[in-house]
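Heads up: the structure comes next, in structure tokens.
The values are calculated or read from the model by the stated rules, or taken from the named source; none is laboratory data. None of the values given here were measured: they were computed from a predicted structure. Cβ: placed from backbone, ideal geometry, glycine included. Neighbour counts: every protein chain shown.
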Protein chains: 2
Amino acid sequence: MNSFISLLLFLLPIISLFITTLVSGSPLKIPRLSPTGGTFVHGNYFANDQPKALSALDQNDFETFYYTQTLDHFNFRPDSFTTFQQRYLINSKYWGGSNVSAPILAYLGAEESIDTDLASIGFLSENANQFQALQIFIEHRYYGKSIPFGSREEALKNAGTIGYFNSAQAIADYAEILIHVKKQLHAEDSPVIVIGGSYGGMLASWFRLKYPHVAVGALASSAPILYFDNIIPPEKGYYSIVTKDFQEASETCYQTIKKSWSEIDEIASKHGGLSILSKKFHTCSLLNNSSELKDYLQSVYAQAAQYDRPPRYPVTVVCGGIDGASSGNDTLSKIFAGLVAYRGNRSCYVNQPGSLSETDIGWRWQTCSDMVIPISISNDTMFQPDPYDLEVHIKSCKAKYGVPPRPRWATTYFGGHDIKLALHRFASNIIFSNGLRDPYSSGGVLEDISRTVVAVHTKNGSHCMDILRANHTTDPGWLVEQRKTEVHIIKGWLVKYYADLHAFK
Amino acid sequence: MNSFISLLLFLLPIISLFITTLVSGSPLKIPRLSPTGGTFVHGNYFANDQPKALSALDQNDFETFYYTQTLDHFNFRPDSFTTFQQRYLINSKYWGGSNVSAPILAYLGAEESIDTDLASIGFLSENANQFQALQIFIEHRYYGKSIPFGSREEALKNAGTIGYFNSAQAIADYAEILIHVKKQLHAEDSPVIVIGGSYGGMLASWFRLKYPHVAVGALASSAPILYFDNIIPPEKGYYSIVTKDFQEASETCYQTIKKSWSEIDEIASKHGGLSILSKKFHTCSLLNNSSELKDYLQSVYAQAAQYDRPPRYPVTVVCGGIDGASSGNDTLSKIFAGLVAYRGNRSCYVNQPGSLSETDIGWRWQTCSDMVIPISISNDTMFQPDPYDLEVHIKSCKAKYGVPPRPRWATTYFGGHDIKLALHRFASNIIFSNGLRDPYSSGGVLEDISRTVVAVHTKNGSHCMDILRANHTTDPGWLVEQRKTEVHIIKGWLVKYYADLHAFK
């Protein structure tokens, strides 16, 4: 089992849920889709890497609300009318008001508590003033405090309750809340710009496509909307970019990693080999098989590449460790040196005890329902090849939840195939922003679809950098530029919107 | 109770379902949304009014298929994975084939068996040759032979089973089937034009909005997509146009009808009055109250206006009867003469025994779920005022089905408010066609939204005339012209589509 359990296990717990049956046998090969990297980056280890947190003062400007949300928008069965309390936060400090139809910047929550986003997303707070915009952050159903069925335990209990947890329902939630808020504020004419990153970026672009009457535009940061149903060829996926990132950082580092896997296997196959590896990598508990180690290392490289940000640039840090080890060292000692450089000096690595975060648990369900992202590792990467096997995924989801995923539903509902052909003369006002060092950019829209559905990408950017809170001391020029470009484009949408408002209403 | 039971009762049964609880206390104030008028027009009485039926030869060119359809596209609960057999028919006689990416004309079924549409809809068969198009007719879930849960009885049993019956699910069905058919035929690049009338016209326009990656354009005939959530003012609704139609046909006829209601009430209020009225109108059974008669007459005028087609023009027929009665006759004798002129000589009228058609039963549910169309009768019509009362409607739906309708869901999901502002720079390739004599045109899009989302209407047209099978001997010039315009517009979409296909793929 080439699984990512090891990654999951060492993640710090956000919530204390120990669902043993969910932990065992997980086929979670899908790196976290998260703007911030969640606990992985938010841990204690690299506090300096973090974007500035929202100051307490700014946090105080947000008021928390709960909306009585419909559990099931798409049916009229008795159960469909069940409601739950969905959290959203509003900051009207800079809002120009409804009398001038001042805009609304709406952050669409993704697979985590909205608190996490509030602390790390900067695009809204940093631009609210110049847009005279209302800021709203909406939490995604089944995360944070927006849990149906009274408790997380009940909500995740079985397919009967978790089955309402999917992206189509989530964007319908957002539509209801945005319509409600506009009505409450008598701001029916205020244009809404939706913003999201990663999975939330997909939601933002899909929201604009499905609810153009609610949002006039979307900023979809690092949204891999083409990573479904084999739209992108398996050999051009996530791990190809991880590989490219490492190879560009250091050819020797790349070569070392590339040959490490067979060396691990070789040692593991020997009598007492797992014990040797456990010692060498200071594992927190004895390795049961070589995959525990390999999956862990693979996830470290993937995360380093996905969140390869200034000022520290994790890929450079890992390669610094690997390349910096004394030349006399063997390959695996170099690999360990890379790990230590990245993770810092710790009492142990790999097989760290811990529980799953709500994101881990939630996202795993989502990959077993509508978010079936087929990530392959092809044989031209620095990893051991591992082609995606849909049948295995389906089987494992069925075993876990009792229901199978729907791998083709995302492209049926949201499209994706031949996207330029489909949307060139349809849709408008979407920015697909990407950093090309982000492995998920392989599933992103990297080419303009039309004059107003545009791709904004940076050669050196990683995952969701443009929407994170700016760290003015370390932001590179190209990132500052990218953000300016995005603001400029959105301003253009608003100018046209107000002209239309004047002309048509 | 101002109800339309009388109308329902005299409709010929399509299916033999006697759901007594559903029949009693119906608040069905919503005239049938149907391209053809269903049994009302399809009955024996006005065979000459009917568009030419599809010849047996043409019918033979259609092959019937069943698709294993997902009951619930939007959830992943165990029940959601229930499937049913959904019927569709394909005619490939004129199709240019997948190697030239020849187009597909897809008729989206509405609230009736697809057999009914196949026999009456002409737009596809009459244009397939010049478009070299494949024709496909898809039946709407819960109608005809596309019934979930094994039987109509089970499917309609309670809110638990009927609750999956709504427009969002229906268009998701269409998306799945069209994607499936294109794949089967290796026709992924064949552009699909969706066509629908009345409720089906709404579905066609919504399909283009929600699934632009599946259909490149939509012809939405007589689709009252603005008849939701008070987008149109109550005083400019359905019955205002019925009134205008009658007044334009004959001022005296209009006046006679206008004063008839109070005369009916006056007689009814007298001792033995209902018996007098029953005799005067040759009712099939003794009237229980004056509403039975008034609702019946109201529905006759509504239907006459909605399907006011050549060669007979029912409004003219009714007014001919009313105005033609000897001048010595009292008002109600004139009204009866209008009725006889319209319905022909029959043994009795009003309170006709009979059962509800599947359309009556299905559409009544739909008006109690997502299709909440608030039809008021304002006091400047020729009818007695009858303002729409949403609360009464909700109560009655709850009593009938155990679940309330969602009156705001249609505009939340599909939009409608400020439609030009929302769609002027979004969306493309939709024709909203209307006949201005059609009472439902009051809820239609009568103004161009953009260069490619356009309104095509005719002053003298009624409901869905443009897509019905042409009756060449009696089609007026303006109708021939309207159809030509629509074909011309669709050809323009296809030219652009093929240019894009060449450029982007």
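Quick one: is residue A:315 of a type in the set (A, V, I, L, M), in contact with a strand residue (DSSP E or B) (Cβ under 8 Å, 6 or more places away or on another chain), surrounded by 22 or more Cβ atoms within 10 Å (Cβ to Cβ) and not assigned by the TED database to the domain that holds residue A:434? Judged against the criteria, residue A:315 is not a match.
Checking B:315, B:300 one by one, the residue that is touching an Asp or Glu at 6+ places or on another chain (Cβ under 6 Å), away from chain A (no Cβ under 14 Å) and closer than 24 Å to residue B:257 by Cβ is B:315 and no other. Is there a residue in the stretch B:160-167 that is at the interface with another protein chain (Cβ under 10 Å from one of its Cβ atoms), buried (at least 24 other Cβ atoms within 10 Å of the Cβ) and of a type in the set (A, V, I, L, M)? Within the stretch B:160-167, one or more residues are at the interface with another protein chain (Cβ under 10 Å from one of its Cβ atoms), buried (at least 24 other Cβ atoms within 10 Å of the Cβ) and of a type in the set (A, V, I, L, M).
To keep it simple, each residue is scored yes or no on (1) surrounded by 22 or more Cβ atoms within 10 Å (Cβ to Cβ); (2) under 17 Å from the mean Cα position of the chain (by Cα); (3) in contact (Cβ under 8 Å) with a residue 60 or more places away in the chain.
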position	(1), (2), (3)
B:415	yes, no, yes
B:439	yes, yes, yes
B:455	no, no, no
B:459	no, no, no
B:485	no, no, no
B:488	no, no, no
B:495	no, no, no
B:502	no, no, no
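On inspection, residue B:69 fails the criterion of being among the polar types (S, T, N, Q), farther than 21 Å from residue B:357 by Cβ and more than 14 Å from chain A (Cβ to nearest Cβ).
Just so you know, in the stretch B:380-406 the residues that are in contact with a helix residue (DSSP H, G or I) (Cβ under 6 Å, 6 or more places away or on another chain) and surrounded by fewer than 20 Cβ atoms within 10 Å (Cβ to Cβ) include one that is farthest from the other protein chains (Cβ to nearest Cβ), and it is B:384.
Taking first residues from the stretch B:240-263 that are in contact (Cβ under 8 Å) with a residue 40 or more places away in the chain and partners that are of a type in the set (Asp, Glu) and part of a helix (DSSP H, G or I), the Cβ contacts under 9 Å between residues at least 6 apart in sequence or on separate chains come to B:250/B:323; B:252/B:323; B:253/B:323; B:254/B:248; B:256/B:323.
Of all residues in the stretch A:153-175, those being among the β-branched types (Val, Ile, Thr) and in contact with a strand residue (DSSP E or B) (Cβ under 8 Å, 6 or more places away or on another chain) number 1.
Scanning the stretch B:72-86 for residues that are out of contact with any Gly (no Cβ under 6 Å at 6 or more places or on another chain) and either away from every other protein chain (no Cβ under 14 Å) or of a type in the set (Phe, Trp, Tyr) (or both) yields a total of 5. For the structure I just gave you, tell me whether residue B:399 is without any contact (Cβ under 8 Å) to a residue 12 or more places away in the chain and among the hydrophobic types (A, V, I, L, M, F, W, C). Against the criterion (without any contact (Cβ under 8 Å) to a residue 12 or more places away in the chain and among the hydrophobic types (A, V, I, L, M, F, W, C)), residue B:399 does not qualify.
Within the stretch A:411-454, the set of residues being closer than 30 Å to residue A:315 by Cα and charged (D, E, K, R) comprises A:437, A:438, A:447, A:448. Is it true that some residue in the stretch A:109-128 is surrounded by fewer than 20 Cβ atoms within 10 Å (Cβ to Cβ) and among the aromatic types (Phe, Trp, Tyr)? Scanning the stretch A:109-128 turns up no residue that is surrounded by fewer than 20 Cβ atoms within 10 Å (Cβ to Cβ) and among the aromatic types (Phe, Trp, Tyr). Scanning the stretch A:172-214 for residues that are farther than 17 Å from residue A:95 by Cβ and among the small types (Gly, Ala, Ser) turns up A:172, A:175, A:196, A:197, A:198, A:200, A:201, A:204, A:205. For the stretch A:287-337, a residue qualifies if it is among the charged types (D, E, K, R) and either more than 21 Å from residue A:460 (Cα to Cα) or without any contact (Cβ under 8 Å) to a residue 60 or more places away in the chain (or both), and the qualifying residues are A:292, A:294, A:295, A:323, A:330, A:334. Those helices (runs of 4 or more DSSP H) of the stretch B:350-443 in which at least 2 residues are more than 25 Å from residue B:212 (Cβ to Cβ), considering only elements entirely within it, cover B:358-367, B:390-401.
Of all residues in the stretch A:105-149, those satisfying the criterion of being outside any loop (DSSP other than H, G, I, E, B) and without any contact (Cβ under 8 Å) to a residue 60 or more places away in the chain are A:114, A:115, A:128, A:129, A:134, A:136, A:138. List, please: which pairs have Cβ atoms under 9 Å, are six or more places apart or on different chains, and start with a residue in the stretch B:61-90 that is without any contact (Cβ under 8 Å) to a residue 60 or more places away in the chain and basic (Lys, Arg) and end with one that is crowded, with 22+ Cβ neighbours inside 10 Å and part of a strand (DSSP E or B)? What qualifies is B:87/B:137; B:87/B:138. Can you confirm whether the stretch A:184-201 contains a residue that is in contact with a Pro (Cβ under 8 Å, 6 or more places away or on another chain), crowded, with 21+ Cβ neighbours inside 10 Å, within 11 Å of another protein chain (Cβ to nearest Cβ) and under 20 Å from residue A:430 (Cα atoms)? Within the stretch A:184-201, one or more residues are in contact with a Pro (Cβ under 8 Å, 6 or more places away or on another chain), crowded, with 21+ Cβ neighbours inside 10 Å, within 11 Å of another protein chain (Cβ to nearest Cβ) and under 20 Å from residue A:430 (Cα atoms).
Against the list (1) in contact with a Pro (Cβ under 7 Å, 6 or more places away or on another chain); (2) in the same structural domain as residue B:242 (by the TED database), the condition residue B:335 fails is (1). With respect to the conditions (1) within 14 Å of another protein chain (Cβ to nearest Cβ); (2) assigned to a loop (DSSP other than H, G, I, E, B); (3) out of contact with any Leu (no Cβ under 6 Å at 6 or more places or on another chain); (4) touching a residue at least 24 places away in the same chain (Cβ under 8 Å), residue A:449 falls short on a single one, namely (3). If you take the residues in the stretch B:132-141 that are buried (at least 21 other Cβ atoms within 10 Å of the Cβ) and out of contact with any helix residue (DSSP H, G or I) (no Cβ under 6 Å at 6 or more places or on another chain), which one is nearest to the other protein chains (Cβ to nearest Cβ)? Among those residues, the one meeting the criterion is B:136.
For the stretch A:474-505, a residue qualifies if it is among the hydroxyl-bearing types (Ser, Thr, Tyr) and either touching a Pro at 6+ places or on another chain (Cβ under 7 Å) or under 21 Å from residue A:437 (Cβ atoms) (or both), and the qualifying residues are A:474, A:485, A:497.
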